[in-house]
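Quick notes on the structure that follows.
Values in this text are rule-based calculations from the coordinates and carry no lab data. The model shown is predicted, which means the values in this text are computed figures rather than measured ones. Every residue, glycine as well, gets a Cβ built from its backbone with ideal geometry; the counts of neighbours run over all protein chains shown.
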């Protein structure tokens, strides 16, 4: 439910993004006859039985796959460990490069795939590992096999990893009004405008596009922030890729709060979003 509402809080498609997205859907033959141009961010949720070719693209006459159809939008993979491991592994390159190249005897085609990956999974096959309500019935071997379907390199490319606990009845029955998408989107749009202004001379428009050189320039930390990040890096055994991604997330947290600089609470929050893999993927 949360994943399907993510597009409602994302910034509106720019005209250039809309044209690019429309071209991809047109090439794939999935463009609706009722609309000449796509104006909303795509949301793709393929079934876990999808093949590698359907996910990344290909065929005798190479067509865009689901990762390209999700370009400028969201790709949602529900029950992530149920997907074929080899199918998931082919996403590692596209997630990093934002482009997928398909080679055939007579041609090599490249399709863009700058998408937001959202995935969900249970902590174990029965779903109750760590639950305070029910006991887990899975053996350690079954849990290890289940968790092991998600490789470390793929997990390392996921910026935010959150464990969602079961919702209590009292919360569901509460009349308290939560923030709606429109309110959240206003904050997101404001943060995007801040980023567009900051990077207007860099030919990028968001924190997710920061290169290592630009991270060094725009994600500077004070002494306290550096100490917190150093401690987390050593304690959690983070990779160089995770280091850069934490800084980009911290930059986004700061933008959403309207802060010019990345403060210690921003870097601490970003680190917190990277600790889940050390709970379940310990080795």
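What to note about this one:
- The chain shape via C-alpha gyration tensor axes, a/c threshold 1.5: rounded
- Here the gap between residue 105 and residue 79, fully extended at 0.36 nm per residue and compared with their Cα-Cα distance, gives a gain of 5.8 nm.
- Ascending count of other beta-carbon atoms within 10 Å, so fewest first, for 160, 260: 260, 160
- Were the residues from residue 175 through residue 4 laid out at 0.36 nm apart, the gain over their Cα-Cα distance would be 59.3 nm.
- Fraction of beta bridges assigned by DSSP in the chain that are antiparallel (%, nearest 5): 50
- Kirkwood radius, region 130-283, all distinct C-alpha pairs, inverse of mean reciprocal distance: 18.0 Å.
- Inter-part distance where region 13-71 and region 156-177 are each reduced to a Cα centre, Å: 30
- Whole-Å distance, taken between Cα centres, linking region 241-269 and region 92-130: 25
- Based on Cα contacts under 8 Å between residues 6+ apart, region 2-121 shows a relative contact order of 26 percent.
- Theoretical FRET efficiency, 1/(1+(r/R0)^6), r = Cβ-Cβ of residue 19 and residue 133, R0 41 Å, to 0.05: 0.25
- Measuring r between the beta carbons of residue 141 and residue 48 and using R0 = 22 Å, the FRET efficiency lands at 0.50.
- Here region 244-259 is scanned for amide nitrogen atoms under 18 Å from the site 7 Å beyond the Cα of residue 96 along Cα-to-Cβ, giving 244-248.
- Computed extension length for residue 162-residue 217: 17.0 nm, one decimal, from 0.36 nm per residue of separation with the Cα-Cα distance subtracted.
- Sum of -39500 (n - 2.57) over DSSP H runs of 4+, divided by residues of the chain (222 nm, nearest 500): -12000 deg cm²/dmol
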